[in-house]
Amino acid sequence: MGAQPALADAAITIEIHMGRNDAALTRLTTLAATADGLIWSVRQAELLVSLKQWSAARMAFHRGLAQLASLPEERRVNVAMLDFERRCRNGLASLPEPP
(Lines give C-alpha, C1' and ligand atoms only; values in the text may rest on other atoms or scores of the structure.)
Protein backbone atom coordinates (compact mmCIF):
# COMPACT_ATOMS: atom_id res chain seq x y z
CA MET A 1 0.00 0.00 0.00
CA GLY A 2 1.52 3.32 -1.06
CA ALA A 3 1.28 6.68 0.67
CA GLN A 4 -2.10 7.75 -0.73
CA PRO A 5 -3.92 4.48 -0.02
CA ALA A 6 -2.36 4.40 3.45
CA LEU A 7 -3.59 7.95 4.11
CA ALA A 8 -7.05 7.09 2.80
CA ASP A 9 -7.12 4.00 5.01
CA ALA A 10 -6.12 6.07 8.04
CA ALA A 11 -8.80 8.68 7.26
CA ILE A 12 -11.46 5.96 6.98
CA THR A 13 -10.37 4.41 10.27
CA ILE A 14 -10.53 7.80 12.00
CA GLU A 15 -13.98 8.53 10.54
CA ILE A 16 -15.29 5.18 11.75
CA HIS A 17 -13.84 5.68 15.25
CA MET A 18 -15.44 9.14 15.37
CA GLY A 19 -18.81 7.64 14.43
CA ARG A 20 -18.79 9.37 11.05
CA ASN A 21 -19.87 6.24 9.21
CA ASP A 22 -21.57 8.18 6.40
CA ALA A 23 -18.31 10.03 5.67
CA ALA A 24 -16.39 6.74 5.73
CA LEU A 25 -18.91 5.13 3.37
CA THR A 26 -18.72 8.10 0.99
CA ARG A 27 -14.93 7.87 0.92
CA LEU A 28 -15.06 4.08 0.43
CA THR A 29 -17.63 4.38 -2.37
CA THR A 30 -15.36 6.80 -4.22
CA LEU A 31 -12.30 4.60 -3.73
CA ALA A 32 -14.16 1.40 -4.67
CA ALA A 33 -14.91 2.90 -8.09
CA THR A 34 -11.19 3.32 -8.90
CA ALA A 35 -8.90 0.96 -10.77
CA ASP A 36 -7.61 -0.33 -7.43
CA GLY A 37 -11.12 -0.58 -6.03
CA LEU A 38 -10.92 -4.19 -4.91
CA ILE A 39 -9.45 -3.50 -1.48
CA TRP A 40 -11.89 -0.66 -0.93
CA SER A 41 -14.93 -2.71 -2.05
CA VAL A 42 -14.09 -5.33 0.56
CA ARG A 43 -13.57 -2.69 3.27
CA GLN A 44 -16.81 -0.97 2.26
CA ALA A 45 -18.71 -4.26 2.42
CA GLU A 46 -17.31 -5.03 5.86
CA LEU A 47 -18.35 -1.59 7.15
CA LEU A 48 -21.82 -2.08 5.66
CA VAL A 49 -22.08 -5.42 7.49
CA SER A 50 -21.19 -3.72 10.77
CA LEU A 51 -23.96 -1.18 10.06
CA LYS A 52 -26.40 -4.03 9.26
CA GLN A 53 -26.94 -2.75 5.72
CA TRP A 54 -27.19 -6.27 4.35
CA SER A 55 -28.29 -5.55 0.77
CA ALA A 56 -25.60 -2.92 0.19
CA ALA A 57 -22.99 -5.19 1.80
CA ARG A 58 -24.00 -8.06 -0.48
CA MET A 59 -23.60 -5.82 -3.54
CA ALA A 60 -20.20 -4.58 -2.36
CA PHE A 61 -18.93 -8.14 -1.73
CA HIS A 62 -20.13 -9.18 -5.20
CA ARG A 63 -18.47 -6.10 -6.70
CA GLY A 64 -15.22 -7.11 -4.98
CA LEU A 65 -15.45 -10.62 -6.42
CA ALA A 66 -16.18 -9.22 -9.89
CA GLN A 67 -13.19 -6.88 -9.63
CA LEU A 68 -11.03 -9.80 -8.58
CA ALA A 69 -12.28 -11.95 -11.47
CA SER A 70 -11.46 -9.18 -13.93
CA LEU A 71 -7.77 -9.26 -12.99
CA PRO A 72 -5.31 -11.28 -15.07
CA GLU A 73 -4.68 -14.67 -13.49
CA GLU A 74 -1.11 -13.81 -12.49
CA ARG A 75 -2.47 -10.94 -10.36
CA ARG A 76 -5.27 -13.06 -8.82
CA VAL A 77 -3.12 -15.86 -7.46
CA ASN A 78 -1.14 -14.20 -4.71
CA VAL A 79 -1.62 -14.12 -0.96
CA ALA A 80 -3.26 -10.68 -0.87
CA MET A 81 -5.78 -11.42 -3.62
CA LEU A 82 -6.62 -14.84 -2.16
CA ASP A 83 -7.22 -13.08 1.17
CA PHE A 84 -9.58 -10.58 -0.49
CA GLU A 85 -11.46 -13.44 -2.14
CA ARG A 86 -11.72 -15.27 1.20
CA ARG A 87 -13.00 -12.10 2.92
CA CYS A 88 -15.62 -11.59 0.21
CA ARG A 89 -16.82 -15.19 0.26
CA ASN A 90 -16.88 -15.36 4.07
CA GLY A 91 -18.65 -12.02 4.21
CA LEU A 92 -21.31 -13.18 1.78
CA ALA A 93 -21.77 -16.41 3.72
CA SER A 94 -22.25 -14.47 6.96
CA LEU A 95 -25.09 -12.32 5.64
CA PRO A 96 -28.68 -13.15 6.47
CA GLU A 97 -30.73 -14.49 3.59
CA PRO A 98 -32.61 -11.76 1.70
CA PRO A 99 -36.37 -11.67 2.36
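The values are calculated or read from the model by the stated rules, or taken from the named source; none is laboratory data. None of these values were measured; they are calculated from a predicted model. Methodologically, a virtual Cβ is constructed for each residue, glycine included, from the backbone with ideal geometry; neighbour enumeration extends over all protein chains shown.
Can you confirm whether region 10-21 contains a residue that is touching a helix residue (DSSP H, G or I) at 6+ places or on another chain (Cβ under 6 Å), among the small types (G, A, S) and in a helix (DSSP H, G or I)? Checking region 10-21: not a single residue is touching a helix residue (DSSP H, G or I) at 6+ places or on another chain (Cβ under 6 Å), among the small types (G, A, S) and in a helix (DSSP H, G or I).
Residue-wise test of (1) of a type in the set (D, E); (2) under 11 Å from the mean Cα position of the chain (by Cα); (3) assigned to a loop (DSSP other than H, G, I, E, B).
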{"position": "V42", "(1), (2), (3)": "no, yes, no"}
{"position": "L47", "(1), (2), (3)": "no, yes, no"}
{"position": "E85", "(1), (2), (3)": "yes, yes, no"}
{"position": "C88", "(1), (2), (3)": "no, yes, no"}
{"position": "P96", "(1), (2), (3)": "no, no, yes"}
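Looking only at residues in region 31-72 that are at pLDDT below 90 and among the small types (G, A, S), the one that is surrounded by the fewest Cβ atoms within 10 Å (Cβ to Cβ) is A35.
Quick grid of which residues meet (1) within 20 Å of G91 (Cβ to Cβ); (2) touching a Gly at 6+ places or on another chain (Cβ under 9 Å):
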position	(1), (2)
L7	no, no
M18	no, no
N21	yes, no
L28	yes, no
G37	yes, yes
A45	yes, yes
W54	yes, no
A57	yes, yes
A66	yes, no
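As for region 1-12, it holds at least one residue that is surrounded by fewer than 18 Cβ atoms within 10 Å (Cβ to Cβ) and at pLDDT 90 or above. Of all residues in region 58-67, those being within 20 Å of A8 (Cβ to Cβ) and out of contact with any Cys (no Cβ under 7 Å at 6 or more places or on another chain) number 3.
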